[in-house]
Structures are given as C-alpha cells and as structure tokens.
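Data block below; observations after.
The values are calculated or read from the model by the stated rules, or taken from the named source; none is laboratory data. Remember, predicted model here, so these are calculated numbers, not experimental data. Here the Cβ positions follow ideal geometry from the backbone for every residue, glycine too, while neighbour counts run over all protein chains shown.
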Amino acid sequence: MTTAKSELDKLAADARERIGALRSRVLRRANGALPYDYIVPSGVYEEQWDWDAFFVGLHLISADKADGIYLKNWCLNFLRHTEPDGQTPGGIRPWAGRDARLYHIKPLMGQAAYYASIALGDFGWIGPVWDQMSACVTYRERMMSDRATGLVKWWDSIESGADNNPTLVRRYHNSIAAGDVNGFMVLDYRAMAIIAGRLGKPSEADAFRERARALADAVNRHLWDPADSTYYSYDAVEGARIRCVTYSNLIPLWARLASAEQARAMIDRYVLDPAKLWSPFGIRSVAADEPSYNNENVIKPYSNWQGPIWPHFNWMAMHALLHYGYPEAALTVAERVSRLCLADLTANGMMHENYHAETGAPLAAPDFVSWNLLVAQMIEEASAGTFKPDPAQSLWSGCRG
C-alpha cells in the first residue's frame, strides 16, 4: 500500500528536523595531526575516517553550501599525510597521525574535491595541491590494479569499509576487484577530469576521462555476469568471479555503469526480490539466500556487512533506483530507512550504525551519528527525484546508464 503524501511529507519533515539536528555532533576543531576543522562519526571517535566524513560532508552541503569547507578540509587533512608516491591512509588520528590499518584511502578524493568546489563556488584551492591529489587518486591504479583485466583492487576487507564483506574477508591482500572499489574509482576519475578542466589542464582532463571510460568498460567486461544478471567481485589471484550477492555488486549501479537493460535485469532479479536483497526495512547488505547471511550484532573485530541494513548504502541504492526508472521502489527504501532511524531516536534517543534486516532492531555502534545523517534527506530526494549534493549530477553526464 502506498503511503499517503501527507504522511510522507510529515515523515520527511521529521527526518529533516530530528536527524538533521544532530549535525553538530560530528564536527571537530583542528587538532594535532588534523590541521583543519574536520568531521568524525559521533560517539567514541575522534579520528577522520575516509568514507564516514565524505558521506557526512555530502549531507552538510545539501543543507548549507558554505559547509563545503568540511569536504575541502577532508581533502587537505588527508593530503597532509600523502606520501610522495601518492599512498594515503584511510584514517587519521589527531594524536597519532596515519592509521596504518587502512592501507590506502577509498577512491573518494576526487569526488570530495569536486563536491567541495561546486558547493563553495571555488576550484582555485585545488591548484596548489593538484599534483599531490593526482598522485593520491592514481595510486590504486599504479599499485593495486590487475593487468589482465584493467580493474583496480582493494588491499583487504578492512580498507573497503565493508569490513566482513564475504567476497573480501580472509582472502589474499591486494587480490579482489570488487564492484564497489571500481565504481567509486570511475566516479573519482570523472571528478578529476572535471577539476582538471576547471584548472586549465586539458591534457590531464582528457587522461582522466579516458581512465574513467576504460575502467567502466573493464567493469562491464569482467564483473558483469550475463547469465546471472549481476555484477560480481573478481579474484585476480584465482582469475575467477566470486559468485556472492552482496552490497558491493550494486555500486556499479550507483556509478551508473550499467546499461538500462542490465540494470533492469539486476534490480528485478536481486534488489526487489524479498528472498534476496529486498527487506521490510530497506536493502540488505547480503542476499538472504546466501550461506553467509546473518544479522549478528558485532562491531569488533569488524562491523557486520553480511546482512544488516546500512543507511548510507541504502541512500546510494535509492539513487540508483531513481536513475534506472524505479521511483516507487526508491521512495519505499527512503521511507523504510527513515522510519528505522526515527524509531531508534524515539525509543533509544540515538541512532545505530546498522539495523537487523528482518526485525528492524538496532544493532551495532550505539549513539552513532555519521553517514546516517543522509537519512535526513532521503524522502525529500526520492519524492523529488533529485540529488541534493549536485543537482546537475555532472559526474554522470554522458555515462552509459
């Protein structure tokens, strides 16, 4: 049954006001190894983590463009710890600097710089750090790519952020070319191409556009399985796809690398099937019929990406559904995840990192405020079919989706 518009409007307003009001809890002043004001996941954390702060930054600029300063600072703080060859940690501790557990930053640097710049109306700040930024963005291509396929790889499961993704955990280092790392990398290359153009570097803009094109082609050549109608991760050591339906398979849809036909087949077969990814509370992080599927409440030694509902992944999936012609499903995802987080706030006075896909119960990391701030805008974006961080959606211009 479709929820009445008046009820959806009220739910959207509640999410915007109650969840959006928590933004001050993630902001920190410059401290120690972090020389610029920065973003943390609220709770016990004082570190700047790569994708936590990135997704929070996208929420902040959606509410106030002046907050693009935090994504700018995200870049500058990480670049402060970039090695000459481009190797950059995925986390920075104010008291200790580099967090060696996250070998290299996720492919988000170009996107963070792009979104900061369009929010602030200024690309000029990138000029002095362009060479460092280029080295950081291309490090994975130079040091963690598979020559046989042209795909880029994760160093390990922890670096990916999806800590125990069953296609990554307990495998060799620098071996898995997953849909998420390659989808994010294509978006980073596209962002760097736009930035290079704005900085008056046409040859570098062309080079980054070609990187994006070639990598998108490699994703569709090597990760797409036409018989199963899905993207899979690829084990470059074994030279084979890993046939497991997990969150990372959907990120090429977020990056709009799929054709309309591919996307429809994948969404109908996996995303909207209650026996696979579609749950009463959002989109599962692993399909319910996978042997690894579970909803255990665990955060140490890793967070659980083998089933629970993760709000920021659902935000990305919601936008993929919107783009590929599933507005009702996108709105349903937005409503379900919004109700999850608001119910948690009402019952417990807090939000959590993830939620049980079968019961909606809060799971790990109590008092967690981070990328779940994106839930404040989900219903509004789904209802209007918009992408608030960048209404022009320039990173997707001309892509095959």
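Observations, loosely collected:
- Exclusive hit being basic (Lys, Arg) and assigned by TED's automatic domain parsing to the domain that holds ASN354, set ARG101, ARG80, ARG18: ARG18
- Boolean, ARG190 is modelled with pLDDT under 95, outside the structural domain of ILE105 (by TED's automatic domain parsing) and either within 16 Å of the chain's Cα centre (by Cα) or not aromatic (Phe, Trp, Tyr) (or both): no
- Of all residues in segment 44-65 being outside any helix (DSSP H, G or I) and touching a residue at least 40 places away in the same chain (Cβ under 8 Å), the one that is farthest from ILE92 (Cα to Cα): GLU46
- Of the criteria (1) touching a Ser or Thr at 6+ places or on another chain (Cβ under 8 Å); (2) under 28 Å from PRO252 (Cβ atoms), which one ALA320 fails: (1)
- Test: ILE267 is buried (at least 18 other Cβ atoms within 10 Å of the Cβ), touching a helix residue (DSSP H, G or I) at 6+ places or on another chain (Cβ under 6 Å) and at pLDDT 95 or above: no
- Given (1) touching an Asp or Glu at 6+ places or on another chain (Cβ under 9 Å); (2) outside any helix (DSSP H, G or I), number of the condition GLU238 does not satisfy: (1)
- Residues being assigned to a loop (DSSP other than H, G, I, E, B), among the charged types (D, E, K, R) and buried (at least 17 other Cβ atoms within 10 Å of the Cβ) - total across segment 365-399: 1
- Restricted to segment 308-333, and to residues there that are within 17 Å of the chain's Cα centre (by Cα) and not in a helix (DSSP H, G or I), the residue that is surrounded by the most Cβ atoms within 10 Å (Cβ to Cβ) is PRO308.
- Flag if PRO41 is crowded, with 21+ Cβ neighbours inside 10 Å and free of Cβ contacts under 8 Å to residues at least 24 places away in the same chain: no
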